[in-house]
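Worksheet: the structure to be examined is printed underneath.
Rule-based calculations on the coordinates, nothing more; no lab input. Predicted, not measured: the structure shown is a model, and the values here were computed from it. Here the Cβ positions follow ideal geometry from the backbone for every residue, glycine too, while neighbour counts run over all protein chains shown.
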Amino acid sequence: DLSDPERLVQCPLVKDHRIRASRFPYHLVKCKESHPEIAKKLGTCPFNARHLVPRQDLTDHIMKCSDKALLEPDVVDRSCQPWEDKVKDGSTWQAPPCDEDWEAEVLESSNSAFVWGA
């Protein structure tokens, strides 16, 4: 189960390291510091920072990353049409009329002094 925080995850830097999923991001930071020679050979996935893959395989990983699907529809939706155009195209929503007069409220409240505890 991918959502189980107690499941064991293999470290991409040192294959002998098996870490609980809930501690995995912290382990990656420490392990990168402890093994900089290995860390610089790995690239980080832009969709999930927990995905560290050999730099030469990073492009292929990005194309196939399962986490890409979680972000892609939103990115594609935003890039296709500006927000203003979407509102013009089909939205019939209008702001309700406002009966508030903030300037008058400020003038009224400035006449009365604030007294702590009153």
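Please list, ordered by chain and number, the residues whose modelled amide H lies under 5 Å from the amide H of VAL9; skip anything fewer than 5 residues away on the same chain.
ILE19, ARG20, ALA21
Residues with beta-carbon under 9 Å from that of LEU42, excluding LEU42: net charge, scoring Lys, Arg +1 and Asp, Glu -1?
+4
Amide H neighbours of GLY43 under 5 Å, counting only residues 5+ apart in sequence or on other chains, H built in-plane at 1.01 Å?
VAL53, ARG55
From the phi of every residue in region 41-52, what ³J(HN,Hα) in whole Hz does the Karplus formula 6.51 cos²θ - 1.76 cosθ + 1.60 yield, where θ is phi - 60° and glycine or proline is x?
Couplings: 8, 10, x, 9, 5, x, 8, 7, 5, 7, 8, 10 Hz.
Counting Lys and Arg as +1 and Asp and Glu as -1, what is the net charge of the other residues whose Cβ lies under 12 Å from the Cβ of ASP57?
Local charge sum for ASP57: +2.
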